Amino acid sequence: MEAKAIAKGLRIAPRKARLVIDLIRNKSVEEADNILSNLNKDAARMSKKVLTSAVANATNNLGLDKSKLYVKEAYVNEGQTMKRMKFGSRGHVDPIRKRTSHITIVVSDER
């Protein structure tokens, strides 16, 4: 059985979040939790919340054992991009793209 958690609209670039998510894919939940706890990145803190939510969904809604769970799928999709402008010299304007991410983690008890 599978349980899933999604966090949408997180204010971090998908490129940065994918670096963290790639580290926990196909690992046990306990090992993934340890990896995310020891990383000093904002994406790790956000991913840990999503992982905790997915594990809670599996244990509370499906009655699965936490010690047997592993991260089946983990991926980051691109969310909306907030477009801003930065004014430069001589009336020049540079676009600034503030990117957002959607983080999805699926945990399962069967390999």
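Going by what's in this entry, would Val29 be described as of a type in the set (A, V, I, L, M), touching a Leu at 6+ places or on another chain (Cβ under 8 Å) and surrounded by 17 or more Cβ atoms within 10 Å (Cβ to Cβ)?
Working: of a type in the set (A, V, I, L, M): yes; touching a Leu at 6+ places or on another chain (Cβ under 8 Å): yes; surrounded by 17 or more Cβ atoms within 10 Å (Cβ to Cβ): yes.
For Val29, the condition - of a type in the set (A, V, I, L, M), touching a Leu at 6+ places or on another chain (Cβ under 8 Å) and surrounded by 17 or more Cβ atoms within 10 Å (Cβ to Cβ) - is met.
How about the stretch 68-95: which of its residues are β-branched (Val, Ile, Thr) and surrounded by 10 or more Cβ atoms within 10 Å (Cβ to Cβ)? Don't jump to the end; show me each part of the working.
Here is the first cut: in the stretch 68-95, the residues β-branched (Val, Ile, Thr) are 71, 76, 81, 93.
Within the stretch 68-95, Val71, Val76, Thr81 qualify.
Tell me yes or no: at least one residue of the stretch 84-97 is of a type in the set (Val, Ile, Thr), in a strand (DSSP E or B), on the phi < 0 side of the Ramachandran plot and touching a Phe, Trp or Tyr at 6+ places or on another chain (Cβ under 7 Å). Working first, answer last.
From the stretch 84-97, those of a type in the set (Val, Ile, Thr) are 93, 96; that's our starting set.
Then drop every residue that is not in a strand (DSSP E or B), which leaves 93, 96.
With on the phi < 0 side of the Ramachandran plot added as a condition, the list becomes 93, 96.
Remaining after also requiring touching a Phe, Trp or Tyr at 6+ places or on another chain (Cβ under 7 Å): 93.
So far as the stretch 84-97 goes, yes, one or more of its residues are of a type in the set (Val, Ile, Thr), in a strand (DSSP E or B), on the phi < 0 side of the Ramachandran plot and touching a Phe, Trp or Tyr at 6+ places or on another chain (Cβ under 7 Å).
Would you check which residues across the stretch 32-45 are surrounded by fewer than 14 Cβ atoms within 10 Å (Cβ to Cβ) and either under 12 Å from the mean Cα position of the chain (by Cα) or under 14 Å from Lys72 (Cα atoms) (or both) and list them?
Let us first name the residues in the stretch 32-45 that are surrounded by fewer than 14 Cβ atoms within 10 Å (Cβ to Cβ), namely 34, 37-38, 40.
Selection gives nothing.
Assuming Lys48 fulfils every condition listed in (1) of a type in the set (Lys, Arg); (2) surrounded by 13 or more Cβ atoms within 10 Å (Cβ to Cβ); (3) farther than 20 Å from Leu23 by Cβ apart from one, which condition is it?
(3) is the only condition that Lys48 fails.
Within the stretch 1-14, how many residues turn out to be part of a loop (DSSP other than H, G, I, E, B) and open to solvent by 90 Å² or more (accessible area, probe 1.4 Å)? Walk me through how you get there before you give the answer.
Restricting attention to the stretch 1-14, the residues satisfying the condition of being part of a loop (DSSP other than H, G, I, E, B) are 1, 11-13.
Now restrict to residues that are open to solvent by 90 Å² or more (accessible area, probe 1.4 Å): 1, 11.
Residues that pass the stated criteria total 2.
Can you pull out the residues in the stretch 65-83 that are closer than 18 Å to Arg25 by Cβ and part of a helix (DSSP H, G or I)?
Within the stretch 65-83, just Lys68 meets the criteria.
Quick grid of which residues meet (1) in contact (Cβ under 8 Å) with a residue 40 or more places away in the chain; (2) among the acidic types (Asp, Glu); (3) outside any helix (DSSP H, G or I):
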| residue | (1), (2), (3) |
| --- | --- |
| Lys16 | no, no, no |
| Ile21 | yes, no, no |
| Asn26 | yes, no, yes |
| Asp33 | no, yes, no |
| Ser37 | no, no, no |
| Arg45 | no, no, no |
| Lys48 | no, no, no |
| Asn57 | yes, no, no |
| Gly63 | no, no, yes |
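The values are calculated or read from the model by the stated rules, or taken from the named source; none is laboratory data. As the structure is a computational prediction, the values presented were derived from the model and not from experiment. Heads up, the Cβs are rebuilt from the backbone with ideal geometry, glycines too, and the neighbour counts pull from every protein chain shown. Ligands, DNA and RNA are excluded from the accessible area calculation, which covers all protein heavy atoms including side chains. Shrake-Rupley method; radii C 1.70, N 1.55, O 1.52, S 1.80 Å.
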